[in-house]
Amino acid sequence: MSLKDRIAFITGAGGGIGRQTVVALAKEGVNIVLFGGNNLNKLQESALLAQKEGVKTWIFEGDLTDDNILVNLFEKAISVTGGLDILINNAGMAYSAPIEQTDVEIFDKIMKINARVPFMLIKLALPYLKKSTRASVLNVASVVAHAGYPLQSAYTASKHALLGLTKSLSAEVYKDGIRVHAVSPGGVYTDMVKVSRPDLTGEGMTKPEEIAEIITFILKHRGNAVVDEIIVHRANKQPFLI
Ligand SMILES: NC(=O)c1ccc[n+]([C@@H]2O[C@H](COP(=O)([O-])OP(=O)(O)OC[C@H]3O[C@@H](n4cnc5c(N)ncnc54)[C@H](OP(=O)(O)O)[C@@H]3O)[C@@H](O)[C@H]2O)c1
C-alpha cells in the first residue's frame, strides 16, 4: 500500500528511532507531525531531513507527561492537519537500577511517558483514525515487554503495560479497520542506550535505521497477512533468547 499523502503523528521524533522513522516515512511521501520533549533543535533537524523528501512537517514541542500540554499540542496539531492516518507512540524513557534504588517518582515518570502518554494519545486520536480509510497505530515497545529484565523493573513494567494496551486496543478497533501493532526492539544504539547502558559500545547492536525500516514495512503492508507484534533482537544476542 502506498503511504503517499498520509498524515502520521509521531512522538519522540527528535530521538534516535524517532528521527530515522521520520526520514523513512518521509521517503514514502508521508506528511508528519513531530512531537518531542524539550529539545527543539533535535526536532528541527528531523523535520529538515523530512522536508528534503518533499513532505510537509509540523513541530509540536513540550513535555507530553503534562496532561494539559499533551492535550493542547494534540489539538493544535489536529487544527492544522485536520486529522491523521497513523499514530506512532515512540517517545520513551529507560532506567537501569536495582528496585531498592529505583525511586517511586522515577517509576511514575517512566510509566507516564511509556504507557500513560500512549493511552491518552490513542484516546484523542481514535475519533480521527476512525475517519481514515487506512488507519494504523504503532507502539514502540521493547524486548522488556516480553520478559522479566533484572535492574530494569520500572522500564519493564511500563513496556508490559504498553504491550497490554496494544493488545486490547487491537481487539477493540479491528472492526473499525484500524490496525494496531507493537514493535519490540532489543538494544538499539541511540542516546537512550548510551545513557542507561554505558557498558554497551554499539558493537553488534541494531541501528535505529533498521527499526525505522521495519516500522515502515509494517505500516505499508496492508494485505490479508497482519503483523500484530514483532520482536527484533540484536545481532550479538543468541536468537530466541531475548
Ligand atoms: N534504544 C533501545 O535500545 C530501545 C530498545 C527498545 C525499545 N526502545 C524504545 O524506542 C523508543 C525510542 O527510543 P530511542 O532509543 O530512540 O531513544 P532516544 O533517542 O532517547 O529518544 C527518546 C525520545 O523520547 C522523547 N521523550 C522522552 N520523554 C519525553 C517527554 N516527557 N515528552 C516528550 N517526549 C519525550 C525524547 O524527546 P527529547 O529528547 O526532546 O526529550 C526523545 O526524542 C522508546 O520508546 C524506547 O523505550 C529503545
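Table for the structure above
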| read-out | value |
| --- | --- |
| Angle in degrees between helix 208-220 and the longest Cα principal axis of the chain, rounded to the nearest 10 | 40 |
| Within a Gaussian network of the chain (alpha carbon springs, distance under 10 Å), most fluctuating of 232, 33, 193 | 193 |
| Span from the region 178-242 Cα centroid across to the region 75-135 one, whole angstrom | 18 |
| From the C-alpha gyration tensor of the chain, square roots of 5λ in Å | 26, 19, 19 |
| Whole-Å distance, taken between Cα centres, linking region 1-27 and region 141-157 | 26 |
| Long-range HN-HN contacts of residue 180 with modeled amide H, under 5 Å | 137 |
| P(r) weight above 14 Å for region 184-242, C-alpha pairs, percent | 60 |
| Probe 1.4 Å - accessible area at residue 56, Å² to nearest ten | 120 |
| Per residue accessible area of region 7-232, 1.4 Å probe, in Å² | 46 |
| Gaussian network model of the chain, Cα within-10 Å springs - most flexible of 158, 96, 168 | 168 |
| Under 5 Å, built H, 5+ apart or other chain: amide partners of residue 97 | 152, 153 |
| Residue 67 - accessible surface, heavy atoms, 1.4 Å probe, Å² rounded to 10 | 60 |
| Vicinal HN-Hα couplings computed from phi for region 25-42 (Karplus, 6.51 cos²θ - 1.76 cosθ + 1.60; Hz; Gly/Pro x) | 5, 4, 4, 8, x, 7, 7, 10, 8, 9, 9, x, x, 10, 10, 4, 4, 5 |
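The values are calculated or read from the model by the stated rules, or taken from the named source; none is laboratory data. All figures in this text were calculated on a predicted structure; none of them were measured in a lab. The area values use the complete protein model at the heavy-atom level, side chains included, leaving out ligands, DNA and RNA. Shrake-Rupley method; radii C 1.70, N 1.55, O 1.52, S 1.80 Å.
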